[in-house]
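Worksheet: the structure to be examined is printed underneath.
The values are calculated or read from the model by the stated rules, or taken from the named source; none is laboratory data. The structure presented is a predicted model; accordingly, all values stated were derived computationally and were not measured. We place every Cβ from the backbone using ideal geometry, glycine too, and count neighbours over all the protein chains shown.
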Amino acid sequence: MSKPRYRTSLFIFRRDLRLADNTALNAALKSSQRVLACFVFDPRQIEAHPYRSQPALQFMLESLNDLQTQCLAHGGRLYLFGERPEAVVEHLHRQQSIEAVFVNRDYTPFSRQRDRELELCCEKLGIGFHSHADLLLNEPERVLTDKGSPYQVFTAFYKKAVQNPVAVPDAVAGDRWFNAAVDADRPELLQNLIRPRQNALAGGRQAALQHLAALAACRDYSQTRDFPELDATSHLSPYLKFGCCSVREAYQAIQVQLGPDHALLRQLYWRDFFSHIAYHFPHVFGHAFDRRLDGLRWRNAQDDFWAWANGQTGFPIVDAAMRELNQTGWMHNRLRMVVASFLVKDLHVSWRWGERYFAQHLLDYDPCVNNGNWQWAASTGCDAQPYFRIFNPWLQQKKFDPDCRYIKTWLPELRRYSAAAIHKWEKSPLAGDYPPPRVNHAEQSRSIKTQYQTILSNQPT
C-alpha cells in the first residue's frame with residue numbers, strides 16, 4: 001500500500017450522512033493517515049430564513065444522531081462545529097495542521113458558492129481541496145446532447161443517462177480516524193437543536209436501511225403509487241436528500257428486489273434531471289424556467305393562500321393533503337401535484353409561494369426537486385405539464401380516494417358523511433364545520449388558460 005498523501009485531512013459531512021459508500025470520505029481515508037470527520041452547523045442554514053424547514057432540520061438532526069453512533073462503532077468520532085465552513089477550516093489548519101479538505105459535491109447556487117469560498121480558503125492556506133461526485137447517478141456534465149448542451153426534456157435525458165453504468169456501492173475504506181480533543185468542537189449543538197420527533201419518518205442510516213430492505217413491497221408500484229390511502233411509495237426521498245443511504249445503494253436495492261426495469265428506477269433519474277436543470281439553469285430559483293412566463297399576473301390573494309396552506313379550501317383532497325403536510329412533514333407524491341396545480345391554476349397564486357411553503361414544511365425538502373416539481377405543475381418549467389392540462393381535484397379524489405378513506409383520516413369534519421356526499425361537495429356542500437368550495441374549478445381553469453395562452457402567443461419561442 002502506498003504511503004498516504006496527507007497526514008491529517010478534514011472530511012465535512014453535508015448531504016451524505018453515512019459512512020458506507022461515501023465517495024469523498026473514502027477518498028479521504030485512502031489518502032490520509034488520519035481523517036477528522038465533522039459536521040458544520042452553518043448559521044446561514046440553521047438560523048431562521050424563508051426556506052428553513054423545521055421538519056427537514058429535525059430529520060437531519062436525527063440522522064446526525066445516528067451518524068455519531070456509526071462513527072463510534074467504527075472507532076471514529078463525529079466533531080460538530082457552529083461556524084461557517086471556511087472559519088472551521090482556518091481554525092483546524094491552525095490548531096490541528098490539517099492538510100486537505102474533502103467534500104461531496106452539491107448543485108444549488110448556494111452550495112456552489114459555498115464550495116467556491118471553501119476552495120479559495122484552502123488555496124489561501126496552501127492545503128488541498130477535493131470535491132467528489134456522490135449525490136447523483138450522473139454528474140451534470142456527463143449527460144449532454146450531441147451538441148454538448150443540457151437536456152431540457154426528460155425522456156431524451158433518460159435515454160442518454162441510462163447508458164452510463166452505475167457504480168456498485170462501496171464499503172467504508174478503513175479506520176484512519178482522528179480522535180483527539182478539539183477545542184472548537186461543540187457536541188452540545190445537536191442536543192440543543194433536536195426535538196421530540198413529530199415527523200412521519202425517522203431520520204438516520206438504520207431507518208434508511210429498513211426502507212431499502214422493504215422495497216419488495218413496491219412490486220406493484222405502477223398500479224398502486226397514486227392511491228394515497230395505500231401509502232405504497234418507497235419513502236426513500238428524505239434518506240436520499242440527506243444521504244442516509246446513497247443513490248447507488250437505492251439503485252442496487254431496486255434492481256435486486258424489483259428488477260432492472262422497475263418504475264422506481266425512473267424516479268431516481270427524475271431526481272438527477274431536476275438537479276441537472278438547477279445546475280445548468282440556476283435562474284430557476286426565483287424565475288420561471290421559461291422566462292416568458294415570468295409575465296403571468298398572479299392574483300396572490302392572502303386569504304386564498306391561507307386557506308390553501310391550512311386545509312380550508314372546501315376541496316377535500318387538497319385540504320386533507322395540506323393538513324397531513326402540516327402535521328407530519330410528509331405528503332404523497334400524487335397529492336403534491338394536485339395541491340400545486342390547485343394553488344396555481346385554481347387560486348391563481350404564484351408557484352413561488354407554494355415552492356416556499358413546501359420548503360418550510362417538507363421533511364424531504366430538496367431545493368432542486370422541489371423547484372422542478374413546482375415549475376412542472378405550474379407549466380413554467382422545462383418539460384412541464386402543458387398549461388391547458390389542469391388537475392381537476394374532484395376527479396382526482398374520485399379516482400384515487402374513491403372511498404374517501406384518506407380524506408376522512410385528515411378531515412375529521414367529514415367523517416360523518418358518506419363518500420358519495422363528499423364527492424358531491426362541489427355542487428352540494430352540506431352544513432357543518434367544513435367550508436364550501438372556495439372557487440369554481442371550471443371557471444378558474446378557463447381564466448388561467450386564457451392568461452397562459454395570451455402570453456405564449458404574444459411571445460413565441
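Take segment 390-414 and flag every residue that is part of a loop (DSSP other than H, G, I, E, B) and either more than 19 Å from Asp231 (Cβ to Cβ) or in contact with a strand residue (DSSP E or B) (Cβ under 6 Å, 6 or more places away or on another chain) (or both). Once the filter is applied, which keeps residues that are part of a loop (DSSP other than H, G, I, E, B) and either more than 19 Å from Asp231 (Cβ to Cβ) or in contact with a strand residue (DSSP E or B) (Cβ under 6 Å, 6 or more places away or on another chain) (or both), segment 390-414 yields Ile390, Phe391, Asn392. Residues of segment 374-389 that are surrounded by 24 or more Cβ atoms within 10 Å (Cβ to Cβ) and farther than 12 Å from Lys345 by Cβ: Trp374, Gln375, Gly381. Whenever a residue of segment 136-157 is aliphatic (A, V, I, L, M) and at pLDDT 95 or above, its partners that are surrounded by fewer than 17 Cβ atoms within 10 Å (Cβ to Cβ) and part of a helix (DSSP H, G or I), lying with C-beta atoms within less than 7 angstrom and at least six residues away or across chains, give the pairs Val143/Lys160. Going by the structure shown, is Asp21 of a type in the set (Asp, Glu) and either in contact with a strand residue (DSSP E or B) (Cβ under 8 Å, 6 or more places away or on another chain) or part of a helix (DSSP H, G or I) (or both)? No. Remark: pairs (first residue in segment 2-23, farther than 20 Å from Pro238 by Cα; second residue acidic (Asp, Glu); Cβ separation under 7 Å; 6+ apart in sequence or on different chains) = Tyr6/Glu99; Arg7/Glu99; Thr8/Glu99; Ser9/Glu99. For the residues Arg112, Arg142, the requirement of being within 29 Å of Pro165 (Cβ to Cβ), within 22 Å of the chain's Cα centre (by Cα), surrounded by fewer than 19 Cβ atoms within 10 Å (Cβ to Cβ) and not assigned by TED's automatic domain parsing to the domain that holds Pro4 singles out Arg142.
Exactly one residue out of Arg405, Arg415 is touching a residue at least 60 places away in the same chain (Cβ under 8 Å), among the basic types (Lys, Arg) and surrounded by fewer than 14 Cβ atoms within 10 Å (Cβ to Cβ), and it is Arg405. Could you tell me whether Gln113 is over 23 Å from Gln33 (Cα atoms) and of a type outside the set (D, E, K, R)? When the stated conditions are applied, Gln113 passes them. Just one residue in the set Ala156, Ala173 is closer than 30 Å to Leu265 by Cβ and part of a helix (DSSP H, G or I); that residue is Ala156. Considering each residue of segment 241-251 in turn, none proves to be of a type outside the set (S, T, N, Q), in contact (Cβ under 8 Å) with a residue 12 or more places away in the chain and more than 23 Å from Cys368 (Cβ to Cβ). In segment 273-299, the residues that are under 17 Å from Leu136 (Cα atoms) form Cβ pairs under 8 Å with partners that are assigned to a helix (DSSP H, G or I) and among the β-branched types (Val, Ile, Thr), at six or more places apart or across chains, as follows: Phe274/Val369; Ser275/Val369; Ile277/Val284; Ala278/Val284. You will find that of Gln312, Gln375, Gln360, the residue that is in contact with an Asp or Glu (Cβ under 9 Å, 6 or more places away or on another chain) and outside any loop (DSSP other than H, G, I, E, B) is Gln375 and no other. Of all residues in segment 1-21, those satisfying the criterion of being in contact with a Phe, Trp or Tyr (Cβ under 9 Å, 6 or more places away or on another chain) and within 15 Å of Val101 (Cβ to Cβ) are Thr8, Ser9, Leu10, Phe11, Ile12, Phe13, Arg14, Asp16.
The sole residue among Gln33, Gln68 that is over 22 Å from the mean Cα position of the chain (by Cα), closer than 26 Å to Ala200 by Cα and surrounded by fewer than 20 Cβ atoms within 10 Å (Cβ to Cβ) is Gln68.
All conditions in (1) touching a strand residue (DSSP E or B) at 6+ places or on another chain (Cβ under 7 Å); (2) not in a loop (DSSP other than H, G, I, E, B) hold for Val182, with the sole exception of (2). Of the residues making up segment 199-230, those that are under 24 Å from Phe391 (Cα atoms) and in contact with a helix residue (DSSP H, G or I) (Cβ under 9 Å, 6 or more places away or on another chain) are Tyr221, Ser222, Thr224, Arg225, Asp226, Phe227, Pro228, Glu229, Leu230. Tell me, please, whether a residue that is of a type in the set (A, V, I, L, M, F, W, C), touching a helix residue (DSSP H, G or I) at 6+ places or on another chain (Cβ under 7 Å), touching a residue at least 60 places away in the same chain (Cβ under 8 Å) and under 19 Å from Cys122 (Cα atoms) can be found in segment 89-98. The answer is yes; a qualifying residue exists. Somewhere in segment 437-457, is a residue assigned by TED's automatic domain parsing to the domain that holds Arg336, assigned to a helix (DSSP H, G or I), touching a residue at least 60 places away in the same chain (Cβ under 8 Å) and in contact with a Ser or Thr (Cβ under 9 Å, 6 or more places away or on another chain)? Scanning segment 437-457 turns up at least one residue that is assigned by TED's automatic domain parsing to the domain that holds Arg336, assigned to a helix (DSSP H, G or I), touching a residue at least 60 places away in the same chain (Cβ under 8 Å) and in contact with a Ser or Thr (Cβ under 9 Å, 6 or more places away or on another chain).
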